[in-house]
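Read through the structure below, which is laid out as structure tokens, and then see the notes.
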């Protein structure tokens, strides 16, 4: 679970001087779950909970150990919970670039983890539902084959069987790629790699009478990439361009070297992306998913994986889109 703790940080903390008597602290802790101890310069020195003083109710804060392991806002729920369990703590101070910014609690992390599990269960139920649809189609179409009388009818059913099969495989492939961790890197020349990615999508384009127009730069740019995963990521964008383009249109795939990086641009003249759904297109199981111009289905996983993969290669992906006119994707590795 790679969710960060940044949204769980309590930044509205109460501070108390480090020279304060523990008897006063004990009174305050009856109302507060924790206190932040500060020095004479108001710099946080640690956090206090009732557990810290239950065996020492006299003296000053300086008489007890308030130094606790610190975490950062980009630490994950799992890593922070493990740290809390290891040290038997319910609260930890959060620092960002050496500056104290608040406190994170075990109960906040536990509640968020429960919410994430619930959300993921719902999302995976959706995937199961999406896979069942094409599988049910395959079962029904297979039965129909026994009752067809002409070769033309059999060809049509075989075509529909193939479409249903491809839909199921696409959903499972997307899910499989997302769940795989790590990259297997090797040096690859990018222009040739992008040309290969494009070539392998020509059959898909041909089915819709879409022409792919290529314009690759002459520079030889070599980068260390996971060829298998990055090809899947790039082809997700190309296949989306085909899916959301109208028959008998063109898709342009080009590269340009800006002196530092090779930029891949994929342009279509399809249906475009509505403005209100553009912020969500890279989300897992995105609500922005729509059917293609020939009714092709979408899993809501492809662009999520694409963005994760490209960023794992220290690259970036951007886009511009106008609904009804088309979309341009820009990819830099």
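The values are calculated or read from the model by the stated rules, or taken from the named source; none is laboratory data. These figures come from a predicted structure and were not determined experimentally. Quick reminder, even Gly has a Cβ in these numbers, built from the backbone with ideal geometry, and neighbours come from all protein chains shown.
Listed values, structure above:
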{"read-out": "Qualifying position, being under 23 Å from residue 324 (Cα atoms), touching a helix residue (DSSP H, G or I) at 6+ places or on another chain (Cβ under 7 Å), crowded, with 18+ Cβ neighbours inside 10 Å and at pLDDT below 95, among 212, 271, 266", "value": "212"}
{"read-out": "Those residues of the stretch 18-49 which are part of a strand (DSSP E or B) and in contact (Cβ under 8 Å) with a residue 40 or more places away in the chain, in sequence order", "value": "36, 44, 46, 47"}
{"read-out": "Long-range neighbours under 6 Å by Cβ, at least six apart or interchain, first residue over 25 Å from residue 208 (Cα atoms) within the stretch 279-296, second surrounded by fewer than 17 Cβ atoms within 10 Å (Cβ to Cβ) and modelled with pLDDT under 70", "value": "280/287; 285/123"}
{"read-out": "Residue 6, sole failed condition from (1) at pLDDT below 80; (2) surrounded by 12 or more Cβ atoms within 10 Å (Cβ to Cβ)", "value": "(1)"}
{"read-out": "Residue in the stretch 179-198 that is within 26 Å of the chain's Cα centre (by Cα), modelled with pLDDT under 70 and under 30 Å from residue 221 (Cβ atoms) present", "value": "yes"}
{"read-out": "Given (1) at pLDDT 80 or above; (2) in contact with a strand residue (DSSP E or B) (Cβ under 9 Å, 6 or more places away or on another chain); (3) surrounded by 18 or more Cβ atoms within 10 Å (Cβ to Cβ), number of the condition residue 40 does not satisfy", "value": "(3)"}
{"read-out": "Residues within the stretch 190-226 that are outside any strand (DSSP E or B) and under 15 Å from residue 331 (Cα atoms), tallied", "value": "10"}
